[in-house]
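Below is one structure; the comments refer to it alone.
Read-outs throughout are calculated quantities, based only on the coordinates presented, and are distinct from any laboratory measurement. Predicted, not measured: the structure shown is a model, and the values here were computed from it. Cβ coordinates were reconstructed from backbone atoms using ideal geometry, including for glycine residues, and neighbour counts include every protein chain displayed.
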Amino acid sequence: MNMISISLIKPGVLSRIVSIVSAVLILIITLPAAASEKIVTQETLLDRIQIEDILIRYYVDISAGSGHNLSQYFTEDAEFDVNGMIAKGREAIAKMYGGLDEDNAHVGSRLHMLLNNPIITVEGDTATVWAIWSGVLNADINKPPVIVDQGREYSELVKINGRWYFKKRFITSDSNLPPVWKETYKPRKFR
């Protein structure tokens, strides 16, 4: 038999072989996952910044109590799904925001919406976004802020005349579900 005995291989050579084999195995395992994610390019970088800006402005408007203006971020025929309550078209979206009563808001307090961990994929004039949102309540200047609710969102956007708009938007709560959505809520996964 022509088997090489491991004991005949020099110690330094064996450790290099193990290192090389390990590196090759890691590369083989991670290549399919890396290939499935879109890489940011110079062409998509500006679009990603513009999409992040629309998301930030959207949540700043929510925090400022400007819900009635949020339909401007949607296409005319957009679909908006909040915890299973669905509005189709700008007019219906504006009506949905206008119909959210004070029982579902933190009246007399300052609520800030934070957006975290956005995954933005741009392909030409379409894009998708997945992110986590958190509502942070500042009830009193002498007390610490409190996270009062949190959830996830998934949006599909289109670029029209150089500006990004939501075409489909899905928002789902993961905690402290407001009463207005108790009837329509269904657990969902977007990623």
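Descriptive notes on the structure:
- Each label point was placed 7 Å from the Cα along the Cα-to-Cβ direction; for Ile119 and Val148 their separation is 3.0 nm.
- Of Lys95/Lys182; Lys167/Lys189; Lys38/Lys95; Lys88/Lys182, pairs whose Cα-Cα distance is over 28 Å: Lys38/Lys95
- In this calculation the C-beta distance from Arg57 to Lys186 is compared with R0 = 30 Å, giving a FRET efficiency of 0.55.
- Proximal charge balance of Gly162 [Cβ under 11 Å; K/R count +1, D/E count -1]: 0
- With a cut-off of 13 Å on the backbone N, the residues of the range 122-136 near the modelled label site 7 Å out from His112 along Cα-Cβ are 134-136.
- If the convex hull is drawn through the Cα atoms of the range 42-181, its volume per residue in Å³: 108 Å³
- The gain in end-to-end length when the Lys95 to Asn69 segment is fully stretched comes to 8.3 nm, 0.36 nm per residue minus the alpha carbon separation.
- Once both labels are positioned 7 Å from their Cα atoms along Cα-to-Cβ, the gap between Asp174 and Leu45 label points is 3.0 nm.
- On full extension, the segment bounded by Ile132 and Lys159 gains 7.4 nm, given 0.36 nm per residue less the C-alpha separation.
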